[in-house]
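The values are calculated or read from the model by the stated rules, or taken from the named source; none is laboratory data. Not measured: the values here are computed from a predicted model. Here the Cβ positions follow ideal geometry from the backbone for every residue, glycine too, while neighbour counts run over all protein chains shown.
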Amino acid sequence: MTTVSTSGGTVAYDCLGSGDPIVLLPSGGHDQHDYDEIRRLLPDGYRSIGVDWPGHGRSPAGTAASTELRLAQIVEELLESLTPDGAVLAGNSVGGNVAARLAIRRPDLVKGLMIIDGGGFEGSRLPGRVFCALMSHPWFVRRIYPLFSRAYTRPRTAADHRARADAIAITRTTPGLAAVTDIWRSFNLPEHDLRAQAGKITAPTVLIWGRHDPVLPLGAAETARDLIPGSRLVVIDSGHLPHTTSPAAVAAELTSLANSAFGGDSRTGDTLGLATTDPEGFMP
């Protein structure tokens, strides 16, 4: 595990493999271990970089509130340091929002984009705004997270269960709880909404979405697909974390995206073969 200093504090990251870079951004309340299976399935020729948000995993508390804009700035600085020639970005939930935001703002740093149940395309409705406001309070997060995490992970696999347990553990730490409440508070800010800017994304884009996501329903994915030029939507039979429920399927899509982004290489390793044994939930 290595760290990089950013304007938002010290951020821990981990590199696996060598070659063209793929940067993996987790959901709020989660850490880079959500991508462990994905990283194992990526073929040779790629360097995967897992990132822990401030207050998550091995990253210490941030030096400023963990808003989406702050997290985007942190990742921008990380990319400038580690992958100045550009990388494929994959992000889940707030990580998807950050990845899309950077694809809009810094297309030179984003060669390919995978949004996994990412925020910013769902619009603003009163029930969602009320829930985000409640999730900005530590007392509410502490009380609801064991139940809420079960609802959004819909755990079926060992990776699902581990991701849920890790998320509960993160919200029980002081820096983790502070970061999670900051993130949820920022979902109610006007800049959370990416719909007006989504048409500026030029990187090849794949949207991965859980059919049963209770946090960001499938309609948000369809909106994103319609707004992002040339994007493609893949629906998986999962909740908010399709990459822990069906890692082989997501790894296959990520490999295909990276091959295209980095010049049409045909690196496949074992990934595509594994994906054909776990195709559930795919929708053309």
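When G50, G96 are screened for being in contact with a Phe, Trp or Tyr (Cβ under 7 Å, 6 or more places away or on another chain) and not polar (S, T, N, Q), only G50 passes. Within the range 150-165, the set of residues being over 16 Å from the mean Cα position of the chain (by Cα) and part of a helix (DSSP H, G or I) comprises R150, A151, A158, H161, R162, A165.
Checked against (1) part of a strand (DSSP E or B); (2) under 22 Å from D85 (Cβ atoms); (3) without any contact (Cβ under 8 Å) to a residue 60 or more places away in the chain, V23 passes all but condition (3).
Candidates A196, A169, A178: the one that is more than 26 Å from E253 (Cα to Cα), touching a residue at least 60 places away in the same chain (Cβ under 8 Å) and over 18 Å from the mean Cα position of the chain (by Cα) is A178. In the range 44-77, the qualifying residues are those that are charged (D, E, K, R) and farther than 30 Å from S256 by Cβ, and the one that is surrounded by the most Cβ atoms within 10 Å (Cβ to Cβ) is R70. Restricting attention to the range 203-218 and to residues that are of a type in the set (V, I, T) and more than 17 Å from A87 (Cα to Cα), the residue that is surrounded by the fewest Cβ atoms within 10 Å (Cβ to Cβ) turns out to be V215.
Screening the range 1-20 for residues that are hydroxyl-bearing (S, T, Y) and under 14 Å from A87 (Cβ atoms) and picking the one that is farthest from the chain's Cα centre (by Cα) gives S18. Only one of the numbered conditions (1) touching a strand residue (DSSP E or B) at 6+ places or on another chain (Cβ under 8 Å); (2) charged (D, E, K, R); (3) in contact (Cβ under 8 Å) with a residue 40 or more places away in the chain; (4) closer than 28 Å to S124 by Cβ is violated by E253, and that is (4).
Helices (runs of 4 or more DSSP H) fully within the range 27-127 that include at least 2 residues being at pLDDT 95 or above, under 22 Å from R211 (Cα atoms) and hydrophobic (A, V, I, L, M, F, W, C): 94-105.
When I228 is tested against (1) buried (at least 24 other Cβ atoms within 10 Å of the Cβ); (2) farther than 17 Å from V98 by Cβ, just one condition goes unmet, and that condition is (2). Restricting attention to the range 120-154, the residues being buried (at least 19 other Cβ atoms within 10 Å of the Cβ) and aromatic (F, W, Y) number 4.
Taking the range 179-200, which residues are among the polar types (S, T, N, Q) and surrounded by 19 or more Cβ atoms within 10 Å (Cβ to Cβ)? Scanning the range 179-200 gives T181, S186. For the range 155-176, enumerate the residues that are of a type in the set (A, V, I, L, M, F, W, C) and surrounded by fewer than 20 Cβ atoms within 10 Å (Cβ to Cβ). Within the range 155-176, A158, A165, I168, A169 meet the criteria.
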